[in-house]
1. State yes or no: is Ala277 closer than 26 Å to Asp151 by Cα, touching a residue at least 24 places away in the same chain (Cβ under 8 Å), outside any strand (DSSP E or B) and open to solvent by less than 20 Å² (accessible area, probe 1.4 Å)?
2. Here are the criteria: (1) crowded, with 20+ Cβ neighbours inside 10 Å; (2) over 30 Å from Ser26 (Cα atoms). Tell me which single one Ala134 does not satisfy.
3. Is it the case that some residue within the stretch 239-251 is over 21 Å from Phe157 (Cβ atoms) and at pLDDT below 95?
4. Taking the stated definitions as given, is Gly61 open to solvent by less than 50 Å² (accessible area, probe 1.4 Å) and in contact with a helix residue (DSSP H, G or I) (Cβ under 9 Å, 6 or more places away or on another chain)?
5. How about the stretch 230-255: which of its residues are of a type in the set (S, T, N, Q) and either open to solvent by 60 Å² or more (accessible area, probe 1.4 Å) or under 14 Å from Arg266 (Cα atoms) (or both)?
6. Does Ser140 satisfy the condition of being open to solvent by less than 10 Å² (accessible area, probe 1.4 Å) and either hydroxyl-bearing (Ser, Thr, Tyr) or assigned by TED's automatic domain parsing to the domain that holds Ala196 (or both)?
7. Please tell me if Arg203 is open to solvent by 10 Å² or more (accessible area, probe 1.4 Å), part of a strand (DSSP E or B) and not assigned by TED's automatic domain parsing to the domain that holds Cys116.
8. Determine if the stretch 181-195 includes at least one residue that is among the hydrophobic types (A, V, I, L, M, F, W, C) and under 16 Å from Asn115 (Cα atoms).
Amino acid sequence: MLLESVAYARPESLAEALQLLGSSDSAAPLAGGQSLVNVLKHRVAQVEVLVDISRLDELRGIEVSSDGALEIGACVTYDELDRSEPVRSSQPLLAHVAGHIEDQQIRCRGTIGGNCCLSDPTNNLPPLVVALDATMVIESSSGAREVPARDFFHGYFATAVGEGELLRSIRIPSLGSGTGAGYSSVAVGADSKAIARAAAVVRANGSIEEARVVLACVSPAPLRHAGMEEALRGSQPTAEAVSDAAQRIGDDLEPLGDVHGSAEYRREMARVVARRAVLQAIATGGGQRG
């Protein structure tokens with residue numbers, strides 16, 4: 001199915017892009033276009049103006065601050081994340097996940113900002129940026145504002161980015177000593193949508209001091225599971241303790257069933273991926289026992 005007729009603009013600066021987006025209620029930013037173009041082809045949404053932001057230098061940088069935090073421009077592609085030495089050094093899990101999204105053609109076009117702003121519950125990166133305690137920097141003609149990643153995703157295809165605004169960058173703090181990150185998915189098939197995802201960050205020093213466990217594909221937005229996090233805090237970093245904590249994921253989770261799996265199956269897979277992600281986080285942080 002072909003696209004309907006739509007105006008196209010390629011601004012030369014971020015300020016011009018924001019002006020164009022603010023000039024029409026039906027303007028939409030175009031970054032990698034891997035999801036938006038398909039949405040428009042299938043007439044799921046309509047826009048009057050596509051504002052191409054993919055080549056704006058202000059949105060394409062990767063910078064490391066003096067405290068080790070990463071600032072990643074919204075239009076950095078998955079392939080660039082995978083190949084970036086600063087990302088590989090500071091956040092190797094982010095580079096690994098980005099390097100395994102779909103196929104190489106998509107990785108060369110899809111962007112970290114597009115993946116997050118689409119807010120598709122099955123997307124790869126939203127649970128990870130929440131687990132990594134990222135900050136989303138949103139720009140408008142009146143200035144910038146910062147939103148914690150945990151508050152950025154509002155539900156199905158809805159985020160904190162409002163009309164006339166753009167996600168400018170994503171700021172990810174350094175993990176710190178004794179802290180590791182993990183990620184796990186159960187997919188329908190190779191290079192396909194997931195049934196369940198989990199991302200975790202764990203800090204351990206003898207026992208587990210802090211844990212963030214974020215589930216995806218089983219709720220409208222990435223979900224930090226407070227019950228499992230509570231069970232992990234103060235426990236020993238062992239496989240048995242993590243398995244016990246994963247059992248806290250129960251009927252409080254109400255995923256939607258579909259042709260790929262019932263609600264109960266998705267709930268069980270959420271336990272599986274949460275356990276795997278936490279064990280990986282413990283291992284990469286150097287704290288696993290038994």
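1. It is true that Ala277 is closer than 26 Å to Asp151 by Cα, touching a residue at least 24 places away in the same chain (Cβ under 8 Å), outside any strand (DSSP E or B) and open to solvent by less than 20 Å² (accessible area, probe 1.4 Å).
2. Checking Ala134 against (1) crowded, with 20+ Cβ neighbours inside 10 Å; (2) over 30 Å from Ser26 (Cα atoms), the one that fails is (2).
3. From the stretch 239-251, those over 21 Å from Phe157 (Cβ atoms) are 239-251; that's our starting set.
Filter once more, keeping what is at pLDDT below 95: 250-251.
There is at least one residue in the stretch 239-251 that is over 21 Å from Phe157 (Cβ atoms) and at pLDDT below 95.
4. Criteria not met by Gly61.
5. In the first step, residues of the stretch 230-255 are kept if they are of a type in the set (S, T, N, Q); the result is 235-236, 238, 243, 247.
The answer is Gln236, Gln247.
6. Numbers: open to solvent by less than 10 Å² (accessible area, probe 1.4 Å): no; either hydroxyl-bearing (Ser, Thr, Tyr) or assigned by TED's automatic domain parsing to the domain that holds Ala196 (or both): yes.
For Ser140, the condition - open to solvent by less than 10 Å² (accessible area, probe 1.4 Å) and either hydroxyl-bearing (Ser, Thr, Tyr) or assigned by TED's automatic domain parsing to the domain that holds Ala196 (or both) - is not met.
7. Considered against the rule, which asks whether it is open to solvent by 10 Å² or more (accessible area, probe 1.4 Å), part of a strand (DSSP E or B) and not assigned by TED's automatic domain parsing to the domain that holds Cys116, Arg203 comes out as yes.
8. There is at least one residue in the stretch 181-195 that is among the hydrophobic types (A, V, I, L, M, F, W, C) and under 16 Å from Asn115 (Cα atoms).
The values are calculated or read from the model by the stated rules, or taken from the named source; none is laboratory data. Remember, predicted model here, so these are calculated numbers, not experimental data. Methodologically, a virtual Cβ is constructed for each residue, glycine included, from the backbone with ideal geometry; neighbour enumeration extends over all protein chains shown. These area figures cover heavy atoms from the full protein model, side chains too; ligands, DNA and RNA do not enter into them. Shrake-Rupley method; radii C 1.70, N 1.55, O 1.52, S 1.80 Å.
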